[in-house]
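A short write-up of the structure that comes next.
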Amino acid sequence: DLVFLPIFLDDLVRQKNMEFSSNKKTSVVFQCADQSSGLFVKASSVELRCVLSNIINNAAESYGVGSGEIDVVLTGDSAFCSIQIVDRGAGIPPSYLAELGKKAISFKGAGSRGLGLTHAFKIIEGWG
């Protein structure tokens, strides 16, 4: 697929805000620099939505019962693009950062398998 990122991300952010509106005080904000307003990426739109949705959910969960804002920031040019998902939540302990994507890690307690980021890493690495 060829995905037009500004429209794709704007739609995803609207969807996540609708999901969070009923039970969380979390808001998601999309930021797109002028030079990034025409960016496309060659990727599966279904996989991209799954990966980004999971990361946004993780960001929302980092606030616990509190409220917060999540920024989805698109930057880039015709040769390179970056999608950043930024929260100001609890964070991941530094001792775990090197293991992200290599093995399942969860901070959600019993019953959580921590497969989301591991799955996201595999999908993104599969794109090359």
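For the chain, the share of alpha carbon pairs falling in successive 10 Å distance bins from zero is 12, 41, 37, 11, 0 percent. Of the DSSP H helices in the chain, those with a Cα length along their own long axis of 20 Å or more and a mean Kyte-Doolittle hydropathy reaching -1.0 comprise 5-21, 45-61. Dipole magnitude for the chain: about 500 debye, using +1 per Lys or Arg Cβ and -1 per Asp or Glu Cβ, origin at the Cα centre. With a Cα cut-off of under 28 Å and a minimum spacing of 8 residues unless on different chains, the lysine pairs in the chain number 15. Evaluating kT/(6 pi eta Rh) at 37 °C and 0.692 mPa s, with the Kirkwood radius of segment 48-110 over Cα pairs in the Stokes-Einstein relation, gives 245 µm² s⁻¹.
Per-residue counts of other Cβ atoms within 10 Å, averaged by peptide: what ranking do you get for 33-45, 49-61, highest first?
Numbers: 33-45: 13.9, 49-61: 18.5.
In decreasing order of mean packing, 33-45, 49-61 become 49-61, 33-45.
Would you mind working out the magnitude of the charge dipole of segment 12-84 relative to its Cα centre, with +1 at each Lys and Arg C-beta and -1 at each Asp and Glu C-beta, to the nearest 20 Debye? The partial results should precede the final answer.
Details: 6 positive and 7 negative charges, 46 e Å.
So the magnitude is around 220 debye.
Looking at segment 1-107 alone, DSSP beta bridges between its own residues are antiparallel in about 55 percent of cases.
Where a number appears in this text, it was derived from the coordinates with a stated rule and is not lab data. If you're wondering where the values come from, they're calculated on a predicted model, not measured in any experiment. For neighbour counting, all protein chains shown are included, and Cβ atoms are generated from backbone atoms with ideal geometry for every residue, glycine included.
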